[in-house]
Amino acid sequence: MKLKIGVMGSATGNLLKQHKDIAYELGSSIAQNGCITITGACPGLPLEAAKGATEAGGLVIGISPGLSEWEHVNKYHSPTGYHEVLIFTGSGLMGREVVNIRTSDIVIIIGGRSGTLGEFSIAYDEGKLIGILSGTGGITSQIKDIVRVIKKKTGAKILYDEDPRSLVKNLIAFFTEKHYKHPSVHYDYLLGDRKNRIRG
C-alpha cells in the first residue's frame, strides 16, 4: 500500500510566492516518491502542493469539510481542481481536521495558522510522524517552543527541514525503517481496555 502524506498549511492570508513555490515543490516530491498526497481540499498552500503532485503524475485526495460538492464550493469556497478524489465529510472545518490527520501516515506542516495548529495538535497527540517545513512562516516557527511547553510523550516524531525534497525523503526513510512499528494510540487504548475487562 502506498504511503499517504498529508500537507497541512495556510489556506488564506498573505501567502508569499516563495512559500507557494515551496508548497508546489513539496507536492511534486511526494508524487515523485510514489506517495499519495492528502489535503484538506482547501485553497492556499495545500492547493499549491496538490497542483505540484498532480502535475508530477501523483494521486491527490482532498478531505472536504462540506457535505457535498455544492457545499464544498459555495459554502467553504474551496477548489475541486488538482484533486482526483474529494471525500465529503460534512464535518465542518474543525471536524474535518481529525479525518485529515487519521487518513495520513505522515503529516507535513507548511506555514499555517490556527487551523493548522489544530491539525498539528491532533497529529502530535496521536503519535504521528510529522515533518515541519522550516522557514515557511506561520506556526512552523513556533513548533519547537510549543512542543517544549507541552511536555507530553505521545510517540510522535518530528523532523525539521527547509528543503521540501529532502524532508520528504527523510520522512519516508524514517517511517519505513522505524515509525511503521509505532502502534496506533487507538490500538493501545483498545488493547488496554480489553485487558482491564478480562482482569475485571
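Before moving on, here are some points about what is shown:
- Criterion (closer than 18 Å to Phe175 by Cβ and at pLDDT below 95) met by exactly one of Gly127, Gly137, Gly131: Gly127
- Of everything listed in (1) crowded, with 19+ Cβ neighbours inside 10 Å; (2) at pLDDT below 95, the single unmet condition for Lys2 is (1).
- Region 137-161 - residue that is under 15 Å from the mean Cα position of the chain (by Cα) and of a type in the set (Ser, Thr, Tyr) and, of those, most open to solvent (accessible area, probe 1.4 Å): Tyr160
The values are calculated or read from the model by the stated rules, or taken from the named source; none is laboratory data. Here the structure is a predicted model, which is why all the values come from computation and not from measurement. Because the Cβ atoms are built from the backbone with ideal geometry, glycine has one as well, and the counts that use them run over all protein chains shown. Just the protein is used for accessible areas: all its heavy atoms, side chains included, with ligands, DNA and RNA removed. Shrake-Rupley method; radii C 1.70, N 1.55, O 1.52, S 1.80 Å.
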